[in-house]
Amino acid sequence: TETDSIHRVIEHLLKSVETTNNKEQSARNLFVLGQLYRENKVVDTSTIAFQKILELKKAPYKYKIHAQLEIAKNSLEIDSLKTIVIQNLEKLAKNRDNREYLDAIYYQLGQLKKQNDTAVAVNYYKQSIANSNQASYQKELSYQALGDIYFDKTKFITAGAYFDSILQISTDTNSKRIRRLKRKREKLNEVIAFETIAKNNDSILKIVA
């Protein structure tokens with residue numbers, strides 16, 4: 001079964017981590033382990049795997065940065081960890097050596113803040129976009145997050161503009177995600193049109209009154 005296959009992969013990776021002296025290979029294996037544990041809803045063990053990457057003295061820096069981003073993802077539903085994780089990410093953002101990772105760092109900060117402070121989250125998502133390459137999946141994620149926030153606030157024109165930004169830069173035009181977004185954007189046009197008619201009618205009624 002698929003579950004048995006996943007368990008065999010996990011066992012293989014664990015043995016590899018224990019036996020290899022190659023720090024990069026160990027970091028890569030631990031990273032995959034962390035992702036597999038999260039996919040199987042074992043979030044605590046997933047976090048431990050990513051934490052072990054941070055403890056590897058000679059592991060490549062890119063793995064340490066991404067491990068902290070993955071720990072941030074794991075902490076989204078754990079309020080007791082959020083404060084510490086946010087502080088760690090803010091420190092990473094201030095470090096000039098992390099400029100190439102700023103888009104991902106700011107995005108995760110936005111994810112952590114959006115439930116309790118939408119205004120701060122919006123600012124982080126915008127900073128993520130400002131520090132992204134012209135066209136990247138990370139940039140699409142930040143546009144999507146902003147579009148969803150403004151959609152929930154019923155600011156449909158602004159939401160539509162952010163969704164349009166995704167469609168303009170995405171190279172994965174045939175994916176389910178983009179096809180779904182296109183359908184949502186088309187429906188949004190109808191909502192905006194009805195909203196415009198309603199506002200015009202209200203203006204006319206006010207003039208008549």
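The values are calculated or read from the model by the stated rules, or taken from the named source; none is laboratory data. Keep in mind it's a predicted model, so treat the numbers as computed, not measured. Note that we place each Cβ from the backbone using ideal geometry, even for glycine, and neighbour counts take in every protein chain shown. Each accessible area value is taken on the protein alone, full model and side chains, heavy atoms only, with ligands, DNA and RNA left out. Shrake-Rupley method; radii C 1.70, N 1.55, O 1.52, S 1.80 Å.
For the range 30-73, the dipole from Cβ point charges (+1 on Lys and Arg, -1 on Asp and Glu) about the Cα centre works out to 180 debye, to the nearest 20.
Applying the Karplus relation 6.51 cos²θ - 1.76 cosθ + 1.60 with θ = phi - 60° to the range 176-188 yields 3J(HN,Hα) values of 4, 4, 6, 4, 5, 5, 4, 5, 5, 5, 5, 5, 5 Hz, where x marks Gly and Pro.
For the range 55-147, the C-alpha radius of gyration sits at 1.04 times the compact-globule guess of 2.2 N^0.38 Å, with N the residue count.
Using Stokes-Einstein with the Kirkwood hydrodynamic radius over Cα pairs, what translational diffusion coefficient do you get for the range 1-71 at 4 °C and a viscosity of 1.567 mPa s, in µm²/s rounded to a whole number? For the chosen part, D equals 108 µm²/s. D by Stokes-Einstein for the range 85-130, Kirkwood Rh over Cα pairs, 25 °C, 0.890 mPa s: 239 µm²/s. Computed from the C-beta positions of residue 97 and residue 25 and an R0 of 25 Å, the FRET efficiency is 0.55 to the nearest 0.05. Ellipsoid semi-axes for the chain, based on the Cα gyration tensor and the rule √(5λ), read 41, 19, 16 Å when sorted largest first.
Output the direction-averaged projected area (hull surface divided by four) of the convex hull of the alpha-carbon atoms of the range 108-148, in nm².
Details: hull surface 10.0 nm².
Approximately 2.5 nm², given one-decimal rounding.
Pairwise Cα separations in the range 5-127 fall into 5 Å bins from 0 onward with the following percentages, short to long: 2, 11, 20, 21, 19, 13, 9, 4, 2, 0.
What's the FRET efficiency of residue 32 with residue 161 using the Cβ-Cβ distance as r and R₀ = 30 Å, to the nearest 0.05? Write down the numbers at each step before the final one.
Values: r = 38 Å, r/R0 = 1.25.
FRET efficiency, residue 32 to residue 161: 0.20.
Note on the range 125-183: Cα-Cα pairs beyond 15 Å make up 44% of the total pair count.
If you look at the Cα atoms of the range 84-191, you get an Rg and a Dmax of 14.4, 46 Å.
The mean accessible area for residues of the chain, using a 1.4 Å probe and ignoring ligands and nucleic acids, is 63 Å² per residue.
Across the range 119-132, rounded Karplus estimates of 3J(HN,Hα) from the backbone phi angles (6.51 cos²θ - 1.76 cosθ + 1.60, θ = phi - 60°) give 4, 5, 4, 4, 4, 5, 4, 5, 5, 4, 4, 4, 9, 8 Hz, Gly and Pro being marked x.
With N counted as the residues of the range 44-94, its alpha-carbon radius of gyration over 2.2 N^0.38 Å works out to 1.10. Excluding same-chain neighbours fewer than eight residues apart, the lysines reachable from residue 64 by a Cα-Cα span under 30 Å are 15, 23, 41, 52, 73, 82, 91, 94, 113, 114, 126, 139.
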